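K.L.:
Take this structure, written in structure tokens, and hold onto it; I'll ask about it next.
The values are calculated or read from the model by the stated rules, or taken from the named source; none is laboratory data. Here the structure is a predicted model, which is why all the values come from computation and not from measurement. Cβ: placed from backbone, ideal geometry, glycine included. Neighbour counts: every protein chain shown.
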Amino acid sequence: MYQVLREAARCASTESCRRPARARRSALRSGLAAVLVAASALATGAAAASGHPAEPDARGGGAAQVGTAASRAVPMPKDCGALTTIVADQSLRFGIIDGASGEQVEAGLRLDFQPRAATYVVSSTNRGITLRRLLVTSTDGRLHLITLQDRVDPATKKQITTSAVTVIGSGWGDVRLLVSSYPYVYGVNDAGALKRYQMTTTWGIASAGTVRKSGWNQIVSLSRGDLWNLGKDAKGRTRYGDDIVGVMSTGAVRAYLIPRDTYQSLAVFTLIPKGWGDYAHVSVGSCDTGKSRPIVAVKKDGQVQAYLDLNGDDQRGTDIRWVGTLTRGWTGLLAD
């Protein structure tokens with residue numbers, strides 16, 4: 001049985017930290033704390049459940065049903081959170097779920113190009129400076145590396161965020177979805193292929209193989225789940241796998257476990273067989289303790305609904321529980 005890698009891996013350098021998802025997302029929320037204090041929340045406050053969410057049914061093998069879920073709602077643990085990247089009217093924002101609250105925070109950057117796909121890559125902190133890096137493609141096929149730098153001014157004690165946008169590639173016009181599991185980046189193109197790329201030490205990007213040549217046309221949303229420990233290889237080296245969660249146009253939600261060494265031998269797990277077709281994007285978050293993980297599902301109208309996967313390690317949907325509607329207004333290009 002696979003076991004999730006929980007302990008944070010050591011940073012290969014002060015700039016690039018190869019961390020499991022749970023540690024990476026916790027570090028990301030910490031890095032954004034100062035931004036949250038200074039920013040004006042564009043969408044705040046928890047709302048009662050609408051009464052008609054697509055709720056997994058624990059009695060039916062994970063089948064999604066539409067019905068009133070209030071009687072079976074569970075609370076969101078305070079140490080759980082998730083991050084969604086949002087580009088609305090070419091303005092870069094972050095949708096942050098922290099416990100049972102949700103808000104949208106401006107990154108302080110307006111893009112001078114029309115974006116098509118995006119993914120949050122990694123964050124790192126060194127000597128009081130936090131760097132957050134994202135990849136965003138434009139409709140003309142360019143790939144942009146966005147670097148946000150957060151630091152505290154020693155004189156005023158106020159946080160200062162600066163940004164830099166660098167074109168690091170071309171020919172990306174057919175890529176419609178991106179998701180990162182640092183140092184790897186996965187992309188789905190218009191032909192339905194799933195391709196893998198790798199970030200270089202100088203923040204470039206290189207091809208790292210084709211996972212699937214076709215068959216991914218129905219995937220409408222991708223999220224990074226976790227980094228998995230797949231045991232030892234013949235030489236005693238630890239093998240790792242990237243857990244990617246995808247929502248299909250049919251309403252099914254599937255987890256794809258992609259071994260980093262044998263990336264074409266992926267395993268597929270159906271978490272929800274149907275009923276989630278109204279969601280524009282689904283983000284899988286993490287909790288600082290325990291096995292649970294939040295699942296943040298954004299409807300096409302911008303309504304943000306939350307679920308709690310009671311055991312995020314079992315790759316089964318039978319224990320996914322409805323939490324409630326946390327906030328609204330998350331519209332635009334949504335990505336992890």
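K.L.:
Give the residue that is farthest from GLY225 (Cα to Cα), with candidates limited to residues of region 174-206 that are under 18 Å from the mean Cα position of the chain (by Cα) and in a loop (DSSP other than H, G, I, E, B). Lay out the reasoning, then the answer.
P.N.:
Our first condition is that a residue be under 18 Å from the mean Cα position of the chain (by Cα); within region 174-206, this holds for 175-188, 194-199.
If we keep only those that are in a loop (DSSP other than H, G, I, E, B) as well, we get 182-183.
Numbers: TYR182: 12, PRO183: 15 Å.
Taking the candidates together, the pick is PRO183.
K.L.:
For region 59-98, how many residues meet the condition of being part of a loop (DSSP other than H, G, I, E, B), under 27 Å from ASP288 (Cα atoms), out of contact with any Gly (no Cβ under 6 Å at 6 or more places or on another chain) and modelled with pLDDT under 50?
P.N.:
Counting residues in region 59-98 that are part of a loop (DSSP other than H, G, I, E, B), under 27 Å from ASP288 (Cα atoms), out of contact with any Gly (no Cβ under 6 Å at 6 or more places or on another chain) and modelled with pLDDT under 50 gives 1.
K.L.:
Among the candidates ASP226, ASP190, single out the residue that is in contact (Cβ under 8 Å) with a residue 24 or more places away in the chain and acidic (Asp, Glu). Walk me through it before giving the result.
P.N.:
Values: ASP190 fails: in contact (Cβ under 8 Å) with a residue 24 or more places away in the chain.
Checking each option against the conditions leaves just ASP226.
K.L.:
Continuing with the same structure: Picking from GLN149, GLN104, which residue would you name as being in contact with a strand residue (DSSP E or B) (Cβ under 9 Å, 6 or more places away or on another chain), crowded, with 23+ Cβ neighbours inside 10 Å and not aliphatic (A, V, I, L, M)?
P.N.:
Step by step, each of GLN149, GLN104 is checked, and only GLN104 is in contact with a strand residue (DSSP E or B) (Cβ under 9 Å, 6 or more places away or on another chain), crowded, with 23+ Cβ neighbours inside 10 Å and not aliphatic (A, V, I, L, M).
K.L.:
Picking from GLY317, GLY324, GLY277, GLY302, which residue would you name as being farther than 16 Å from VAL245 by Cβ, outside any strand (DSSP E or B) and either of a type outside the set (A, V, I, L, M, F, W, C) or in contact (Cβ under 8 Å) with a residue 40 or more places away in the chain (or both)?
P.N.:
Values: GLY317 fails: farther than 16 Å from VAL245 by Cβ; GLY324 fails: outside any strand (DSSP E or B); GLY277 fails: farther than 16 Å from VAL245 by Cβ.
Exactly one residue qualifies, and that residue is GLY302.
K.L.:
Residues that are in contact with a Cys (Cβ under 8 Å, 6 or more places away or on another chain): which strands (runs of 3 or more DSSP E) entirely in region 99-173 hold 1 or more of them?
P.N.:
Per the criteria, 115-126.
K.L.:
Now for a different question. Residue by residue through region 305-335, note down the ones that are in contact with a Phe, Trp or Tyr (Cβ under 6 Å, 6 or more places away or on another chain) and more than 18 Å from ASP79 (Cα to Cα).
P.N.:
GLN315
K.L.:
Here is a follow-up. If I ask for residues that are hydrophobic (A, V, I, L, M, F, W, C) and in contact with a Phe, Trp or Tyr (Cβ under 6 Å, 6 or more places away or on another chain), which ones from region 187-226 would you list? Steps first, please.
P.N.:
As a first pass, look at region 187-226 and keep what is hydrophobic (A, V, I, L, M, F, W, C): 188, 191, 193-194, 199, 203, 205-206, 208, 211, 216, 219-220, 222.
Listed by number, the residues that qualify are VAL188, LEU194, ILE205, ALA208, VAL211.
K.L.:
Of the residues GLY317, GLY324, GLY290, GLY275, only one is surrounded by fewer than 20 Cβ atoms within 10 Å (Cβ to Cβ), farther than 14 Å from THR84 by Cβ and out of contact with any His (no Cβ under 7 Å at 6 or more places or on another chain); which?
P.N.:
Details: GLY317 fails: surrounded by fewer than 20 Cβ atoms within 10 Å (Cβ to Cβ); GLY324 fails: surrounded by fewer than 20 Cβ atoms within 10 Å (Cβ to Cβ); GLY275 fails: surrounded by fewer than 20 Cβ atoms within 10 Å (Cβ to Cβ).
Just a single option satisfies the conditions, and that option is GLY290.
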